[in-house]
């Protein structure tokens with residue numbers, strides 16, 4: 001039976017969301033995609049936006065564009081715009097939150113693949129706590145305990161939302177960014193080798209990869225030896241095959257107002273990923289996106 005999933009994504013914030021959506025669509029033998037919900041984001045180092053509203057609109061448009069290039073235009077009808085304020089600013093509902101609740105209530109279990117600020121998920125849980133037992137959240141956010149701080153984009157934007165989700169006792173898998181998902185780096189040379197068919201999608205993915213890297217280069221020599229992390233592939237890959245990850249159940253940490261974790265011993269259990277097998281994930285990704293077995 002296929003896994004029923006919702007992708008909650010800040011699609012225009014960075015390029016890894018676009019690779020993740022591609023990976024998800026290319027894995028529809030495993031997933032039944034119920035909805036794509038647009039998560040909020042503030043101006044980042046890559047996205048040329050000034051407001052959350054503008055970012056939401058560009059994320060929405062980019063999602064539709066990727067679906068067209070994937071030949072899956074029929075999925076454009078299940079893309080929903082989400083929060084345009086973080087949960088500490090407003091708990092107002094929106095079409096994405098309402099859709100999350102609707103889908104959760106109709107299924108026995110819905111997996112939410114959350115690869116941005118976790119605002120929409122938190123708002124859905126606050127509005128309809130009955131969905132807590134009916135969803136599983138796989139969230140890419142924060143860092144490992146070894147890193148100490150959570151000065152990470154998805155985490156720091158809406159700490160209140162992180163607190164809401166962690167405290168809710170929902171089934172939760174946390175994929176830390178620094179020291180875990182950060183292992184998912186690749187280079188343009190690898191993309192050029194495996195995405196060698198001159199399709200519109202392949203050319204687009206390579207183009208945005210190059211553009212993103214250049215955005216963070218201060219001088220020409222920075223290109224030497226450089227790679228780019230496609231963080232968001234991790235959440236998709238985890239639900240394709242959790243054996244590609246090393247994880248453990250732990251007592252849910254307290255999320256402090258300053259963004260730090262306080263480890264505990266007697267709270268409900270959550271799953272924290274400690275490591276991943278980078279080569280296994282990229283092998284699956286490239287076989288599905290471009291390279292054919294010879």
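The values are calculated or read from the model by the stated rules, or taken from the named source; none is laboratory data. Nothing here was measured: the structure is a model prediction, and the numbers come from that model. Backbone-built Cβ (ideal geometry, glycine too); neighbour counts: all protein chains shown.
Yes or no: residue 206 surrounded by fewer than 16 Cβ atoms within 10 Å (Cβ to Cβ), in contact with a strand residue (DSSP E or B) (Cβ under 6 Å, 6 or more places away or on another chain) and modelled with pLDDT of 95 or more? Considered against the rule, which asks whether it is surrounded by fewer than 16 Cβ atoms within 10 Å (Cβ to Cβ), in contact with a strand residue (DSSP E or B) (Cβ under 6 Å, 6 or more places away or on another chain) and modelled with pLDDT of 95 or more, residue 206 comes out as no.
Please tell me if residue 289 is buried (at least 18 other Cβ atoms within 10 Å of the Cβ) and modelled with pLDDT under 95. Outline the logic, then answer.
Values: buried (at least 18 other Cβ atoms within 10 Å of the Cβ): yes; modelled with pLDDT under 95: yes.
Criteria met by residue 289.
Looking across the stretch 48-72, just one residue is in contact with a helix residue (DSSP H, G or I) (Cβ under 6 Å, 6 or more places away or on another chain) and under 23 Å from residue 216 (Cα atoms), and that is 49. Cβ-Cβ contacts under 9 Å between residues 6 or more apart (or on different chains), taken from a first residue in the stretch 256-283 that is on the phi > 0 side of the Ramachandran plot to a second residue that is part of a loop (DSSP other than H, G, I, E, B), are listed as 259/142; 259/149; 259/150; 259/151; 259/152. Quick check: is even one residue across the stretch 235-243 over 22 Å from residue 188 (Cα atoms) and more than 17 Å from the chain's Cα centre (by Cα)? Yes, the stretch 235-243 has at least one match. Within the stretch 66-77, which residues are surrounded by fewer than 16 Cβ atoms within 10 Å (Cβ to Cβ) and under 19 Å from the mean Cα position of the chain (by Cα)? If the condition is that a residue be surrounded by fewer than 16 Cβ atoms within 10 Å (Cβ to Cβ) and under 19 Å from the mean Cα position of the chain (by Cα), then 76 is the only one that fits. A Cβ distance below 6 Å, combined with a sequence gap of six or more or placement on separate chains, defines the contacts here; from the stretch 221-247, residues that are touching a residue at least 24 places away in the same chain (Cβ under 8 Å) reach residues that are assigned to a loop (DSSP other than H, G, I, E, B) and surrounded by fewer than 18 Cβ atoms within 10 Å (Cβ to Cβ) in the pairs 227/187; 240/30; 244/277.
Is it the case that some residue within the stretch 209-222 is modelled with pLDDT of 95 or more, within 21 Å of residue 25 (Cβ to Cβ) and surrounded by fewer than 20 Cβ atoms within 10 Å (Cβ to Cβ)? Scanning the stretch 209-222 turns up no residue that is modelled with pLDDT of 95 or more, within 21 Å of residue 25 (Cβ to Cβ) and surrounded by fewer than 20 Cβ atoms within 10 Å (Cβ to Cβ). If only residues of the stretch 244-294 that are under 16 Å from residue 170 (Cβ atoms) and not in a strand (DSSP E or B) are counted, the one that is farthest from the chain's Cα centre (by Cα) is 267. Note on the stretch 126-139: residues that are assigned to a helix (DSSP H, G or I) and in contact with a helix residue (DSSP H, G or I) (Cβ under 8 Å, 6 or more places away or on another chain) total 6. Looking only at the stretch 236-247, residues that are within 16 Å of residue 177 (Cα to Cα) and surrounded by fewer than 14 Cβ atoms within 10 Å (Cβ to Cβ) come to 1 in all. Per the listing 53, 57, 61, the residue uniquely touching a strand residue (DSSP E or B) at 6+ places or on another chain (Cβ under 9 Å) and over 15 Å from residue 8 (Cβ atoms) is 57.
The set of residues from the stretch 98-117 being touching a strand residue (DSSP E or B) at 6+ places or on another chain (Cβ under 8 Å), over 13 Å from residue 136 (Cα atoms) and buried (at least 24 other Cβ atoms within 10 Å of the Cβ) comprises 115, 116. Residues that are closer than 18 Å to residue 125 by Cβ and in contact with a helix residue (DSSP H, G or I) (Cβ under 6 Å, 6 or more places away or on another chain) number at least 2 in the following helices (runs of 4 or more DSSP H) confined to the stretch 140-200: 159-167.
If you go through the stretch 261-280 and keep only what is more than 12 Å from residue 180 (Cβ to Cβ) and either surrounded by 13 or more Cβ atoms within 10 Å (Cβ to Cβ) or touching a strand residue (DSSP E or B) at 6+ places or on another chain (Cβ under 9 Å) (or both), you end up with 261, 262, 263, 264, 265, 266, 267, 268, 269, 270, 271, 280.
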